[in-house]
Structure formats: C-alpha cells, structure tokens
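Novice: Following this message is one structure expressed as structure tokens.
The values are calculated or read from the model by the stated rules, or taken from the named source; none is laboratory data. Keep in mind that what you see is a predicted model, and the values were worked out from it rather than measured. Backbone-built Cβ (ideal geometry, glycine too); neighbour counts: all protein chains shown. Surface accessibility is based on the protein's heavy atoms, side chains included, excluding ligands, DNA and RNA. Shrake-Rupley method; radii C 1.70, N 1.55, O 1.52, S 1.80 Å.
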Amino acid sequence: MAIRKVLHYGEPSLREKSKEVHKVSKKISDLVRDLLDTMYAQNGVGLAAPQIGENVRVFVIDVATGNEPLNPIVFINPKIIKKSGAVKSNEGCLSFPEAYTDVKRYKNVMIKALNEHGKPFVMEAKDGTLLARAIQHEYDHLDGILFIDHCMNRFEAESVLQKYSLPPLDPEKLIEEKELEEELANND
Ligand code: NI
C-alpha cells in the first residue's frame, strides 16, 4: 500500500481521542496495511493510526527481532481488560524521533481486540516483555496519551525533548501513577 508520513509530537491530533471502528471495511484494511508498511519502513515496534493522522482505534505491533520472521499483530477497538505489576521501561516513539526516556508501565496486561479480519481475540503479555509494554504504549495513542506522560523523571524527559528540538512536556498531561511508583520503589 503506502508508507505514510508519521506525525511528530506537537501535532494536535496526537492528543485527540480516537473513534471506534464500526466495520472492518476495505478502508480499515488499507489503513492496517499502511500502518504496517510505515512501521516496517521506520523500523518501529508499533504504530497507532493517530500517528499517521487517522483518529480511529487501530494499532499494529511487531516485536520480532533480527532474523525472526515478521509477526505483525493488528489490534482494532482494543480494550485492556487486566493489568498488574509494575516495570520501568525505556521507551521512544516514532512521533518523537530519537528521544528516549524511562516510563512506568504495568508488567502484565491482558487485552481484547478485533484482528484484521474483524475476529475477536484475547492476548496476554506478561513479565514486562517488549510486547506487554508496546501494547500499553500503542493503546495510549488511541486516547491521546503519549509515553512522556508516564515519565519516571520529568526533568530528564524535559531535557531529552529539548535536546531533540521537540516541544516541551505538558505538565497537565503528566499521569499520577502512585501504585506503579510504590511498586517500582519496592522492587529496587
Ligand atoms: Ni508511540
């Protein structure tokens, strides 16, 4: 299909809440293919529709590495139905070129969604794996939440954004995560 332009942090649509998909139509299939083409072209692990300017609840993930065969997973109208534990995750995002910072994530998640054929499935990702963290990262994009909103250290995040000439943190968007913080403190 097509490699699309990835919107960068600062674009207002990245902060919008995306709409549910009512039918896995050809339009949605084309969108899924564009998401995959764009994600692979940029060597990303995941990409959400709002990042290419489509505010609908669709994202794709592929955590295969090195010589492993491609393993794309498509999530349409996803819902995280269970989450537990806490893990520190060093993350970046295709909408934040080169900027990485530590964020708080749940260690285990269970998610239900529709696949590219409109069939429901449930997936569990445990132990703070890349998949578990990517699911949370991409899911957030559908609600206009960005990884920096979960930062462990806002001053560090701020300086990373500045270093890569990205807009500053929005303090109002920072998410209070007492539970995760306490658990992470106990793990240390
Ligand atoms: Ni992202």
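Novice: Could you list, in their original order, any pairs among 119/173; 23/88; 19/163; 5/173 whose Cα atoms are separated by more than 28 Å?
Specialist: Long pairs (Cα-Cα over 28 Å): 119/173; 23/88; 19/163.
Novice: Can you give me the Cα centroid spacing of segment 74-116 and segment 5-53 in angstrom?
Specialist: Using only Cα atoms to place each centre, the spacing works out to 15 Å.
Novice: Stokes-Einstein diffusion coefficient for segment 12-187 at 20 °C in a medium of 1.002 mPa s, Rh from the Kirkwood formula over Cα pairs: what value in µm²/s?
Specialist: 129 µm²/s
Novice: Relative contact order for the chain using alpha-carbon pairs under 8 Å, separation at least 6, rounded to a whole percent?
Specialist: Here the relative contact order equals 22 percent.
Novice: For segment 41-113, what % of the accessible area comes from carbon and sulfur atoms, probe 1.4 Å?
Specialist: For segment 41-113, the apolar C and S fraction of the accessible surface comes to 45 percent.
Novice: Among the DSSP beta bridges whose two residues both lie in segment 12-187, what percent are antiparallel, rounded to the nearest 5?
Specialist: 95 percent
Novice: Please get the size of the charge dipole for the chain, origin at its Cα centre, with Cβ charges of +1 on Lys and Arg and -1 on Asp and Glu, quoted in debye to the nearest 20.
Specialist: 780 debye
Novice: Toward the positive end of the charge dipole of the chain, about the Cα centre and with charges on Cβ (Lys, Arg +1; Asp, Glu -1), which of 180, 162, 12 goes farthest?
Specialist: Checking the options against the dipole of the chain, the answer is 12.
Novice: Once you place label points 7 Å from the Cα toward the Cβ at residue 5 and residue 98, how far apart are they in nm?
Specialist: With each label point 7 Å from Cα toward Cβ, the separation is 2.1 nm.
Novice: Which of the three applies to segment 98-188, rounded, prolate or oblate, going by the alpha-carbon gyration tensor with a ≥ b ≥ c and a/c under 1.5 meaning rounded?
Specialist: oblate
Novice: Probe radius 1.4 Å, ligands and nucleic acids left out: which of 156, 124, 91 has the largest accessible area, and how do the rest follow?
Specialist: Result, largest first: 124, 156, 91.
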